[in-house]
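Below: the structure, in structure tokens.
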Amino acid sequence: MRTRSMIPDPPDVATALDLLGLTVVPEDFEALSCQVAWTHPAAVAMSDAQSLAYRVVWEAVEKCIESRTRVDL
């Protein structure tokens, strides 16, 4: 019998931004790190939901960067 994984489904980008206290997808990884650090002091651990949200937003930033640097031949 197969059991369902206890890993939650990742939130959509809008929900992830909200969980991190952000309003838009940052333009790069440095901006993401700075904005998250501003709203979440290092002395306070992120929740599991916030950690998952960070990954979702990181991937959204990555997609934005890739779309800006893609060269069509």
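The values are calculated or read from the model by the stated rules, or taken from the named source; none is laboratory data. If you're wondering where the values come from, they're calculated on a predicted model, not measured in any experiment. As a convention, Cβ positions derive from the backbone with ideal geometry for all residues, glycine included, and neighbour counts pool all protein chains shown. With ligands, DNA and RNA removed, areas are computed over all heavy atoms of the protein, side chains included. Shrake-Rupley method; radii C 1.70, N 1.55, O 1.52, S 1.80 Å.
Numbers below:
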read-out	value
Every residue from region 19-73 that is outside any helix (DSSP H, G or I) and charged (D, E, K, R)	E27, D28, R70, D72
Cβ pairs under 7 Å, 6+ apart, first in region 22-46 and without any contact (Cβ under 8 Å) to a residue 24 or more places away in the chain and within 22 Å of K63 (Cα to Cα), second assigned to a helix (DSSP H, G or I) and open to solvent by 50 Å² or more (accessible area, probe 1.4 Å)	V36/Y54
Matching entry among A37, A49 (being over 9 Å from the mean Cα position of the chain (by Cα), at pLDDT below 90 and among the aliphatic types (A, V, I, L, M))	A37
